[in-house]
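In what follows, a single structure is set out as structure tokens and then discussed.
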Amino acid sequence: MLTRRQALRALAVAGTGTLALGLYAWRIEPHWLDLTYPVLPISGLPRELEGRTLAQVSDLHVGPKVDDEYIIQSFRRVYELAPDFVVVTGDWITYRSPRQFEQLRRVLGHMPHGLLGTVGILGNHDYGLRWRMLDVADQVTAIARAAGVAVLRNESSVIAGLQFLGLDDLWSPRFDPVELLAQRGEDASTIVLCHNPDAADHAVWGRYQGWILAGHTHGGQCKPPFLPPPLLPVRNKRYTAGEFGLLGNRRMYISRGVGHLLQVRFNARPEIPVFQLRRSR
């Protein structure tokens, strides 16, 4: 039998542990950026791009919940790596009011650029409330372009022999990639940028066989050890974070992203993957 003193001591230890865990999930992990280094094998990659690097920045969520200085410091870490390409896979802002536009301009004054090129797409939050505010999306696009990012909205861009197909967000009124993928999806040396990984399950891909770089999930933000995250903003609960094999000889990498909607992360650190490009065998 536990004595009263032993019970009180056990409760005190449990309370201290819970408090420490809460402080860690609130104050430490949301800003503990993880730079990862996956390999990205690409069919038809030009030989001169073998071994080059591509940094994927996703889900900044510039706005009331994410500290600007944390984002700027994350940008500096990317800049120090001098990647050859930088891609941004959406959710530049968390829109609450037009104040976010000036905030985004200030933050993107520190935007890192690829030595060869910098491209990006929009996410659902870049369409404002209920993902339907076209004027907000246009403003975010203009600000990002002014910061030196080629924002692709169901468009393509070829940089140094590497083609990027940028899809507009799945939940937005502008998601319409069928024609783009039909025209350019079979081109060699191609990467698709697509914010929401659920789009991988839609019948829009035609004959595209390559990589899809996505974000949106934040890795669930809070993930119990050895268990899937309890909350994911996707229909396909398989799509958490990391690399996934898909039907049609496609593969997808889902970044855990930089920012957050609520300042809490556990076992799902923010991430910037820095891919090494390889010629596919």
Response to the item:
A correct Karplus calculation of ³J(HN,Hα) over region 118-125, with 6.51 cos²θ - 1.76 cosθ + 1.60, θ = phi - 60°, whole Hz and x for Gly and Pro, returns 9, 10, x, 9, 9, x, 4, 5
Worksheet entry | Tilt relative to the chain, helix 134-146 - C-alpha long axis, 0 to 90 degrees, to 10 | 80
Worksheet item: What angle, in degrees between 0 and 90 and rounded to the nearest 10, separates the Cα long axis of helix 99-108 from the longest principal axis of the Cα atoms of the chain?
Response: 70
Worksheet item: Just the projected area, averaged over all directions, of the convex hull on the alpha carbon atoms of the chain: how many nm²?
Response: 17.1
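Looking at the chain, what % of its DSSP beta bridges pair antiparallel, to the nearest 5? Display every interim value, and only then the final one.
Numbers: 13 of 44 bridges.
In the chain, approximately 30 percent of DSSP beta bridges are antiparallel ones.
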Practice prompt. Could you size up the charge dipole of the chain around its Cα centre, putting +1 on the beta carbon of Lys and Arg and -1 on that of Asp and Glu, and report it in debye to the nearest 20?
Written response: 1080
Worksheet item: Can you sort S43, S156 so the residue with the fewest Cβ neighbours within 10 Å comes first?
Response: S43, S156
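For S172, S280, what's the fewest-to-most ordering of other Cβ within 10 Å of each Cβ?
So the residues, fewest neighbours to most, are S280, S172.
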Worksheet item: Among P270, L170, T94, whose Cα lies farthest out toward the positive end of the dipole of region 32-279, if unit charges sit on the beta carbon of Lys, Arg (+1) and Asp, Glu (-1)?
Response: P270
Discussion item. What distance in nm lies between label points placed 7 Å from Cα along the C-beta direction at I28 and F101?
Written reply: 4.1
Practice prompt. Note the angle between two axes, namely the Cα long axis of helix 68-81 and the longest principal axis of the Cα atoms of the chain, as a number of degrees from 0 to 90, rounded to the nearest 10.
Written response: 50
Worksheet item: Which of S189, S157 comes first, and how do the rest follow, when ranked by fewest Cβ neighbours within 10 Å?
Response: S157, S189
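Each reported figure results from applying straightforward, stated rules to the coordinates on display, with no laboratory input. The structure displayed is predicted, hence computed values, not measured ones. So basically every Cβ, Gly included, is an ideal-geometry build from the backbone, and we count neighbours across all protein chains shown.
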